[in-house]
Amino acid sequence: GIRSGQDVLKARALGARGVLIGRTFLYALGAYGEAGVTRALQILHKELDITMAFCGRTQIDEVDSSILLPGTF
């Protein structure tokens, strides 16, 4: 499942137009309520931004399969 910004980027690179994230937000909601969900979303966004920067991308529309390595690498 999708649990981090890295997972979001991989899904996008594999062709996904969007992702669904449930468990992360349910844990955050259960532990800290609405503020927890807000914080979890901020963390996920930051992870995605950092991972995109490592791949030399600044916009989500720039993400494609060229950032992926073959499974035999």
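The values are calculated or read from the model by the stated rules, or taken from the named source; none is laboratory data. Since this is a predicted model, take the numbers as computed values, not measurements. Methodologically, a virtual Cβ is constructed for each residue, glycine included, from the backbone with ideal geometry; neighbour enumeration extends over all protein chains shown.
The residue of region 32-63 that is farthest from Arg17 (Cα to Cα), among those that are part of a helix (DSSP H, G or I) and among the polar types (S, T, N, Q), is Thr38. Within region 31-73, the set of residues being touching a residue at least 24 places away in the same chain (Cβ under 8 Å), within 18 Å of Arg3 (Cβ to Cβ) and of a type in the set (D, E, K, R) comprises Lys46, Glu47, Asp49.
Among the residues of region 16-49, which ones are within 29 Å of Ser66 (Cα to Cα) and of a type in the set (Val, Ile, Thr)? Across region 16-49, the qualifying residues are Val19, Ile21, Thr24, Ile43. Restricting region 3-15 to residues that are farther than 17 Å from Leu69 by Cα and at pLDDT 95 or above, the residue that is surrounded by the most Cβ atoms within 10 Å (Cβ to Cβ) is Gly5.
Return a yes/no flag: does region 19-30 have any residue that is of a type in the set (Ser, Thr, Tyr), farther than 17 Å from Ile2 by Cβ, surrounded by 13 or more Cβ atoms within 10 Å (Cβ to Cβ) and more than 16 Å from the chain's Cα centre (by Cα). The answer is no, given that none of the residues of region 19-30 is of a type in the set (Ser, Thr, Tyr), farther than 17 Å from Ile2 by Cβ, surrounded by 13 or more Cβ atoms within 10 Å (Cβ to Cβ) and more than 16 Å from the chain's Cα centre (by Cα).
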